[in-house]
1. Between LEU188, LEU148, which is surrounded by 10 or more Cβ atoms within 10 Å (Cβ to Cβ), under 33 Å from the mean Cα position of the chain (by Cα) and either at pLDDT 75 or above or more than 30 Å from VAL68 (Cα to Cα) (or both)?
2. Tell me, yes or no, whether region 106-115 has at least one residue that is farther than 21 Å from ARG67 by Cβ and over 26 Å from the mean Cα position of the chain (by Cα).
3. Got a number for residues in region 116-141 being within 21 Å of ARG67 (Cβ to Cβ) and outside any helix (DSSP H, G or I)?
4. Looking only at region 26-58, how many residues end up being farther than 18 Å from LYS105 by Cα, surrounded by fewer than 15 Cβ atoms within 10 Å (Cβ to Cβ) and of a type in the set (Ser, Thr, Tyr)?
5. Any residue in region 29-43 that is without any contact (Cβ under 8 Å) to a residue 24 or more places away in the chain sitting within a Cβ distance under 7 Å of a residue that is surrounded by 11 or more Cβ atoms within 10 Å (Cβ to Cβ)? List the pairs, counting only those 6 or more apart or interchain.
6. Any residue in region 59-70 that is surrounded by 20 or more Cβ atoms within 10 Å (Cβ to Cβ) sitting within a Cβ distance under 9 Å of a residue that is assigned to a strand (DSSP E or B) and among the hydroxyl-bearing types (Ser, Thr, Tyr)? List the pairs, counting only those 6 or more apart or interchain.
Amino acid sequence: MSIWNNKTIPFWQETLVFANSFSILISEGKDYRAGWPESFQPSMSEILNELTKSRTSYIRLDNKGDRVFINILSGKIIVSCTLNLEKNKVFLNGNNGLTFATNIKKTDFIKYGIRINHSGVFILSGRDYNQKYTESDDVRLANDIKNLATKIGTINTKIIKSNEQQVDDEDEFSESESSKIEEILETLEAYVNKEYEIEDAKARAEKPFVYTEFKAEDIASTYKYYYREPLADSRKQPII
């Protein structure tokens, strides 16, 4: 189930309180790192120490029969583990237990995960685990994870119903409101066309110009005429 809205996601997502820490079992001496870039590859001990300080994370849960698959995003670390409901223990996945969180993977957690507050992520080998936790602690952790899965399911159901209602409202708007808008546009178009017809009729009714009064006026004018006449040589001498 996902809280992702096809159109938007809430800027402030609901933060759930997980009143426990995540205690996870590993095999001693095994390297669980996967997908870490060569330029940034902390040691196993550095990663495990960083996770003990974690208090806010994004989590994704997937129930599969007697197992719950858990993925936790904490900073640049993705912790992938599995809760065995028969044994009431959480085991770190062997192939991709501690994965580097790329920007794409972080985006997926924000889209499809739930933000939670918790008391840390403690990954321990068998000997250290048994010294720190008891069977009752394991049972409590298993119950807390199952309750968390139920809360997440309830949140997702509410969001799905809200999205469906939003789609119904949009469908209703698209049918009723669009018809109203179309009717208004048709009325406006008819009004504009009528105004044009009236203005055009008025313009055609007016003559291009109208004589109101006219009379002849006496105006004295002087005209000058100039002539050019060629003379023969015999006639030029007397004039000179």
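The values are calculated or read from the model by the stated rules, or taken from the named source; none is laboratory data. Just so we're clear, the structure is a prediction, and the values are computed from it rather than from any experiment. Cβ: placed from backbone, ideal geometry, glycine included. Neighbour counts: every protein chain shown.
1. Just one listed residue meets the conditions, LEU148.
2. No, that holds for no residue.
3. Residues meeting the conditions: 7.
4. Total satisfying the criteria: 5.
5. Hits for this filter: ASP31/MET44.
6. Partner pairs satisfying both residue conditions: VAL68/THR82; ILE70/SER80; ILE70/THR82.
Here is a yes/no grid of residues against (1) at pLDDT 90 or above; (2) of a type in the set (Lys, Arg); (3) out of contact with any strand residue (DSSP E or B) (no Cβ under 8 Å at 6 or more places or on another chain):
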| residue | (1), (2), (3) |
| --- | --- |
| LEU73 | yes, no, no |
| ILE104 | yes, no, yes |
| GLY120 | yes, no, no |
| LYS158 | no, yes, yes |
| ASP169 | no, no, yes |
